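Novice: Quick one: this structure, given as structure tokens, is what I'll be asking you about.
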Amino acid sequence: MRTHRQVGRSATGLRIGIVAAKFNQRITGKLLRACIDALESHGVGSDAIHVVRVPGAFEIPLVAQTMAKSGNVDAVICLGAVIRGDTPHFDYICSEVSRGIGHVALESGVPIIFGVLTTETDAQAEERADPKKLNRGGDAAKSAIEMVTVMRRLKGSTRELGAGHATRQSSATRRHAD
Ligand code: INI
């Protein structure tokens, strides 16, 4: 049996944006459902989940960026399915989407979760979208919650380090003045 990461009902009060591609709707619909179910089961309110559908995976980064910069969400989850069998553009779409999503995360400082399936076949995509099997939509939800927690802790401890540095500086200045 597959072990799922435990994040508990730690997500009460979080606001989550989801950008989901409509292309390969049979797959992305399942990812979206599993993602929303996992967020809600970890305590995210249904009114705090903001879903935007886009035509295909290629359009995900722009909407993720707009959501991240709005200040209205704590994390953005990107869901899509790019299947090699369907397109000679597979490699271009995959590299643009992954590059774009990574760029938005670094540029905005907001956790952006990569929940875009990139598979060789429909069957592989089906398996990864199946809530009873690999369930990548649910995994993306858990990653979002985990990353918000990590970033909040990190920002808190960075502030503490900054305060410690200021204290050390001021005592050194005092010694110099004595
Ligand atoms: N978009 C996907 O999300 N998955 C695919 O497999 C796919 N294929 O096969 O082409 C796909 N293409 C559409 C693309 O993402 C854009 O929506 C389109 O090119 C308009 O910009």
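The values are calculated or read from the model by the stated rules, or taken from the named source; none is laboratory data. Because the structure is a prediction, the values reported are computed rather than measured. Counting neighbours? That spans all protein chains shown, and the Cβs are built from the backbone with ideal geometry, glycine included. Accessible surface is based on the protein model in full, side chains and every heavy atom, while ligands, DNA and RNA are left aside. Shrake-Rupley method; radii C 1.70, N 1.55, O 1.52, S 1.80 Å.
Novice: Given the conditions (1) modelled with pLDDT under 95; (2) more than 9 Å from the ligand (Cβ to nearest atom); (3) aromatic (F, W, Y), report the number of the one that F90 does not fulfil.
Specialist: Every listed condition holds for F90 apart from (2).
Novice: Yes or no: G115 assigned to a helix (DSSP H, G or I) and either free of Cβ contacts under 8 Å to residues at least 24 places away in the same chain or farther than 17 Å from M151 by Cβ (or both)?
Specialist: So G115 fails the test.
Novice: Turning to a different aspect of this structure: Counting only residues that are among the polar types (S, T, N, Q) and over 18 Å from the mean Cα position of the chain (by Cα), which one in the range 125-164 is modelled with the lowest pLDDT?
Specialist: Filtering the range 125-164 for residues among the polar types (S, T, N, Q) gives 135, 143, 149, 157-158.
Pick out the ones that are also over 18 Å from the mean Cα position of the chain (by Cα) and you get 157-158.
Working: S157: 76, T158: 71.
That would be T158.
Novice: Right, here's the next one. Looking at the range 109-128, which of its residues are more than 14 Å from the ligand (Cβ to nearest atom) and open to solvent by less than 40 Å² (accessible area, probe 1.4 Å)? It would help to see each step written out before you state the result.
Specialist: Step one: list which residues in the range 109-128 are more than 14 Å from the ligand (Cβ to nearest atom), which gives 109-113, 123, 127.
Matches in the range 109-128: G109, V110, P111, I112, I113.
Novice: Scan the range 49-71 for residues that are of a type in the set (S, T, N, Q) and closer than 11 Å to F23 by Cα and report the count. Spell out the reasoning first.
Specialist: Going through the range 49-71, the residues of a type in the set (S, T, N, Q) turn out to be 65-66, 70.
Remaining after also requiring closer than 11 Å to F23 by Cα: none.
Residues flagged as of a type in the set (S, T, N, Q) and closer than 11 Å to F23 by Cα within the range 49-71 amount to 0.
Novice: Let me ask something else about it. Can you list residue pairs whose Cβ atoms sit under 8 Å apart, with the first residue in the range 137-159 being within 14 Å of A34 (Cβ to Cβ) and the second being open to solvent by 70 Å² or more (accessible area, probe 1.4 Å) and hydrophobic (A, V, I, L, M, F, W, C)? Count only pairs 6 or more apart in sequence or on different chains.
Specialist: Close Cβ pairs (under 8 Å, with a partner that is open to solvent by 70 Å² or more (accessible area, probe 1.4 Å) and hydrophobic (A, V, I, L, M, F, W, C)) amount to A140/F114.
Novice: Sort out which residues of the range 16-39 are β-branched (V, I, T) and within 11 Å of the ligand (Cβ to nearest atom), and write them in order of number. Quick ask: steps written out before the conclusion?
Specialist: In the first step, residues of the range 16-39 are kept if they are β-branched (V, I, T); the result is 16, 18-19, 27-28, 36.
I27, T28 - these are the residues of the range 16-39 that are β-branched (V, I, T) and within 11 Å of the ligand (Cβ to nearest atom).
Novice: Would you confirm whether or not the range 72-95 contains a residue that is over 12 Å from A20 (Cβ atoms), without any contact (Cβ under 8 Å) to a residue 12 or more places away in the chain and within 17 Å of the chain's Cα centre (by Cα)?
Specialist: no
Novice: Here are some residues: R26, R33, R5, R15. Which one is at pLDDT below 95 and out of contact with any Leu (no Cβ under 7 Å at 6 or more places or on another chain)? Steps first, answer last, please.
Specialist: Details: R26 fails: at pLDDT below 95; R33 fails: at pLDDT below 95; R15 fails: at pLDDT below 95.
Result of the check over R26, R33, R5, R15: R5.
Novice: Check G138, G156 and return the single one that is over 22 Å from I60 (Cα atoms), assigned to a helix (DSSP H, G or I), more than 16 Å from the ligand (Cβ to nearest atom) and open to solvent by less than 50 Å² (accessible area, probe 1.4 Å). So that I can check it myself, show each step before the final result.
Specialist: Numbers: G138 fails: over 22 Å from I60 (Cα atoms).
Only one candidate passes the filter, namely G156.
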